[in-house]
Amino acid sequence: MAVLRRILDFYIEGSIHVALSCAALVLMTQHMFDLPQNLWVVGFTFFGTIVGYNFVKYDALARTGKLPIKKQLKAIIALSVMAFFAVALCFFKLQRPTQLTAILFLGLTILYTLPFFPNRKNARNWKGVKIYMVALCWVGATVVLPILDSGIVITSDFWVKCVQRFLLLFSLILVFEINDLKNDDPNLKTVPQQIGVKRTKILGVGLLAVFYFLEFLKRDFETRQLLVNAIIVPILAFLLYFSSESRNKYYTSFYAESVPILWWLLVVVSGCV
């Protein structure tokens, strides 16, 4: 069991799980818009998530010397280096507009992590900004990039999907903010800090309801997608309802981050029935 726990911890701490979630959302976008499966875009988001998340998580600690270099961290660094070369390869396989947009979101990630101005905190510590920036970056990576790279004409369905994806991700991040409430700096002004845990849960469920009914605004909505969404929305609402400060890291970093993967798997299974 100890070996399995170490493997699971490396899988989570090395950002492999969250990278799979990001890749699953890209596959969802390709399915929703009936795009040809582009593994270069999927690979770019997967490896880019590993590099980006590990950079965000470990950069500040490494620069301040507060992070001891243990075996697991060495393995994560090695994984991140390999992922960097993989994401660079995928980057050069993308279309030019996609590359330029990817650079824009890379800039947001760097701004999120590094302080650019003297005596100023990075964007991650700006009051009330964190959840919006994270959700926006995920929308860019999982909706905007695959659509741009496909070269299809932008329609109203694209904007509906952007709003839906933002609402879904915002609700998902609320689970993390509730879980991190006891450790977050009060000056961060996260949603639970500003309106309380109970109202945060109500807000999240309300946003999930809006997410579901926005599907009807699509010009060509699928009944199958509505059924899949009718499964995934209660699951996420359940995770949000039972989230609390006392939950362990697996509640958010494994179960909550599994929601996009499960969403994609439900689409695959429903297509085979």
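Restricting attention to segment 221-238, and to residues there that are open to solvent by 20 Å² or more (accessible area, probe 1.4 Å) and under 12 Å from residue 175 (Cβ atoms), which single residue is farthest from the chain's Cα centre (by Cα)? Here the residue is 238. If you filter segment 136-184 down to residues that are over 18 Å from residue 102 (Cβ atoms) and charged (D, E, K, R), you find that the one that is most open to solvent (accessible area, probe 1.4 Å) is 182.
Please verify whether residue 213 is open to solvent by 30 Å² or more (accessible area, probe 1.4 Å), farther than 16 Å from residue 28 by Cβ, assigned to a helix (DSSP H, G or I) and without any contact (Cβ under 8 Å) to a residue 40 or more places away in the chain, treating the condition exactly as stated. Taking the combined requirement at face value, the residue satisfies it.
Of the candidates 224, 165, 219, the single residue that is modelled with pLDDT of 95 or more and at negative phi is 165. Scanning segment 244-259 for residues that are over 21 Å from residue 20 (Cβ atoms) and either modelled with pLDDT of 95 or more or of a type in the set (Gly, Ala, Ser) (or both) yields 244, 246.
Here is a yes/no grid of residues against (1) part of a helix (DSSP H, G or I); (2) more than 19 Å from the chain's Cα centre (by Cα); (3) at pLDDT below 90:
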site	(1), (2), (3)
27	yes, no, no
57	yes, no, yes
80	yes, no, no
84	yes, no, no
93	no, yes, no
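The residue list 253, 244 contains one member that is outside any helix (DSSP H, G or I), touching a residue at least 40 places away in the same chain (Cβ under 8 Å) and out of contact with any strand residue (DSSP E or B) (no Cβ under 9 Å at 6 or more places or on another chain), which is 244. Among the residues making up segment 190-199, none is open to solvent by 60 Å² or more (accessible area, probe 1.4 Å) and not in a helix (DSSP H, G or I).
Residue 202 - would you say it is of a type in the set (Val, Ile, Thr), surrounded by fewer than 16 Cβ atoms within 10 Å (Cβ to Cβ), in a helix (DSSP H, G or I) and over 17 Å from the mean Cα position of the chain (by Cα)?
yes
Restricting the search to segment 69-78, which residues are assigned to a helix (DSSP H, G or I) and either in contact with a helix residue (DSSP H, G or I) (Cβ under 9 Å, 6 or more places away or on another chain) or open to solvent by less than 90 Å² (accessible area, probe 1.4 Å) (or both)? Answer for segment 69-78, where residues must be assigned to a helix (DSSP H, G or I) and either in contact with a helix residue (DSSP H, G or I) (Cβ under 9 Å, 6 or more places away or on another chain) or open to solvent by less than 90 Å² (accessible area, probe 1.4 Å) (or both): 72, 73, 75, 76, 77, 78. Out of 103, 50, one residue alone is at pLDDT 70 or above, β-branched (Val, Ile, Thr) and buried (at least 17 other Cβ atoms within 10 Å of the Cβ). It is 50.
Restricting attention to segment 118-135, the residues being open to solvent by 30 Å² or more (accessible area, probe 1.4 Å) and either at pLDDT below 75 or touching a Phe, Trp or Tyr at 6+ places or on another chain (Cβ under 7 Å) (or both) number 9.
The values are calculated or read from the model by the stated rules, or taken from the named source; none is laboratory data. Fair warning: this is a prediction, and the values are worked out from it, not measured in the lab. Glycine also receives a Cβ, built like all others from the backbone with ideal geometry; neighbour counts cover every protein chain displayed. Keep in mind that these areas ignore ligands, DNA and RNA; they rest on the heavy atoms of the full protein, side chains included. Shrake-Rupley method; radii C 1.70, N 1.55, O 1.52, S 1.80 Å.
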